[in-house]
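The structure under discussion appears below in the form of structure tokens.
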Amino acid sequence: MVFLKKKLKKIFYANTIRSLKNASSAELQKQSEKKAVAAFKHARHHLPYYSTYLRETGFKDTPMADIQSFKKHVPFLDKNTIYNDPMRTVVLKNLNMKQSPHILLSAGSSGTFSFGIYSPQQMSQRAEFLNVLLDNYFNILSQKTLIINCLAQAVRLPTLDATIVEIGPRTDAFIYLLKILSPQFEQTLIIGDNYFVKNSLEDGLNLGVNLTQLRIHLILGGVYLPEGLRTYLANLLTRDNNSYSSLIFSSMGISEFGLNLFFESKETIRLRQLTETNPALRQELLAVEDPNYTPMFFNYFPQTFYVEEINHQLVITNLNAQALLPLVRYNTQDHGKIIPYHELKVKLHEFNLTELLPPFKSPLTLMYGKQEFMESNGIKIYPQQIQKGMYEVFHVASLTTGYFRLNKNKHTLNLEIQLKKSISPNEALTSQFQRAILPYINVDLPVILHSYQNFPYGMEVDYERKFKYK
């Protein structure tokens with residue numbers, strides 16, 4: 001009975017993927033636009049607090065016949081609009097608690113917390129679709145799979161077609177599972193923050209975990225993923241630069257919309273890697289005014305989200321007709337660029353790279369993230385540039401936790417970097433970091449290395465563990 005159930009699931013999943021891949025890109029775009037208009041009408045007529053917001057912004061009762069009207073008349077929302085009073089209070093008061101809604105809270109790194117609200121039906125749909133995607137990428141129905149969820153403990157995964165262990169960012173638990181549990185499975189899928197996973201894999205190696213004997217795949221997120229770090233992690237897992245058996249994907253979630261809004265494929269990864277080494281391709285795909293680092297190359301499902309590029313920022317509309325939040329033209333304030341599928345097809349044809357077209361007929365989203373930088377002698381320095389240099393040299397990458405801070409002291413800008421435990425700073429190490437990083441920022445920036453314990457930022461009490469008193 002179990003075998004038959006899995007076989008039927010496999011057929012259903014395969015049919016779902018086939019239908020996604022066979023869809024017409026033009027028809028998908030039309031459907032996405034039509035659903036965006038419908039989402040606006042639903043929010044306008046069924047969410048009183050959104051109607052109030054429309055009146056306050058001067059919105060006139062204009063017939064919303066098509067996407068042109070939508071783009072012309074529907075106002076933008078952002079984090080401050082929804083998640084500060086008065087709308088926040090009204091939204092929460094109007095929640096139907098009988099539905100037992102699920103709330104996903106953001107990290108609050110911007111200074112303002114946001115959250116997504118999902119009904120049990122939505123959560124069930126998301127879980128089913130995540131199963132479909134994971135089976136497509138990792139064959140979780142066919143292979144005995146262990147999933148280790150290292151995301152912050154509050155972020156839990158739905159029920160999946162695999163064995164799941166929820167540990168949060170606990171390195172000791174991470175290493176224990178790799179030693180004891182992973183060998184009992186055909187493959188292990190690790191989901192977590194880039195730097196936690198990097199540091200924990202390194203610590204596991206130092207404690208005798210033979211990563212090359214385990215078939216490990218990674219789904220990373222939370223922060224920007226430099227290609228150098230992807231290559232470095234693959235090297236840890238396989239020790240074979242010419243044949244990586246491990247799959248390493250980046251995924252971007254936004255709490256307001258869910259954990260897996262933007263995602264990579266083998267095609268987008270390869271295209272991004274080629275863009276870093278091919279100046280002509282880079283010039284064709286990236287805008288002239290873009291920051292001096294390579295963005296993430298993401299896909300998304302137009303069936304689920306309508307994504308616009310407005311003044312180089314990404315604006316998203318949730319297309320779920322039962323959405324409990326009025327996420328209509330929500331400005332994420334992430335810098336990005338959208339290349340429609342048909343335009344991408346033409347561009348890749350010119351470079352004989354049509355095999356790298358997104359498999360799901362998705363527009364290509366170039367995601368730069370929040371525009372954070374500091375200036376030195378009039379030159380903008382982005383954290384992503386520093387990250388690129390830090391991981392291009394494997395030996396340098398192994399010495400740091402990945403945590404650094406650009407610190408301006410009067411008129412001097414310094415780069416302060418945290419070293420891993422048991423590594424002490426010295427002039428030779430400082431010189432190695434400078435040689436690795438400075439070519440990517442084009443400015444002579446002083447580098448200061450700190451031992452792990454002496455790094456002056458982010459040293460807080462660890463509430464993931466019980467306190468020890470002796």
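Below is a table of values for the structure above.
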{"item": "Over 23 Å (Cα to Cα) - which of Lys198/Lys266; Lys7/Lys144; Lys347/Lys388 fall in this group", "result": "Lys347/Lys388"}
{"item": "Between region 315-388 and region 193-237, the alpha-carbon center distance in angstrom", "result": "25 Å"}
{"item": "Cβ-derived FRET efficiency at R0 60 Å, Lys71 paired with Lys144, nearest 0.05", "result": "0.80"}
{"item": "Reachable aspartates and glutamates, given that their alpha-carbon falls under 18 Å from the alpha-carbon of Lys370 and they are not under 8 places away in the same chain", "result": "Asp78, Asp193, Glu256, Glu289, Asp290, Glu308, Glu309, Asp334"}
{"item": "Cβ-placed point charges (K, R +1; D, E -1), dipole of the chain about Cα centre in debye, nearest 20", "result": "1280 debye"}
{"item": "Length gained when the stretch Val443-Lys347 is fully extended (0.36 nm per residue, less Cα-Cα span)", "result": "31.2 nm"}
{"item": "Loop GluC sites (Glu not before Pro), region 114-213, which have at most 15 other Cβ atoms in a 10 Å radius of their Cβ (DSSP)", "result": "Glu186"}
{"item": "Calculated FRET efficiency for the pair Arg270/Lys420, C-beta based, R₀ 30 Å, to 0.05", "result": "0.45"}
{"item": "Proximal lysines to Lys71, defined as alpha-carbon separation beneath 22 angstrom and excluding residues fewer than eight positions away on the same chain", "result": "Lys30, Lys34, Lys35, Lys41, Lys60, Lys79, Lys337"}
{"item": "Length gained when the stretch Ser19-Arg435 is fully extended (0.36 nm per residue, less Cα-Cα span)", "result": "144.8 nm"}
{"item": "Calculated FRET efficiency for the pair Glu427/Lys6, C-beta based, R₀ 56 Å, to 0.05", "result": "0.40"}
{"item": "Proxy reagent accessibility, fewest Cβ within 10 Å first, across Lys408, Lys60", "result": "Lys60, Lys408"}
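We did not get these values from a lab; they are worked out from the coordinates using the rules stated. Predicted, not measured: the structure shown is a model, and the values here were computed from it. Neighbour counts run over all protein chains shown; Cβ positions are idealised from the backbone, glycine included.
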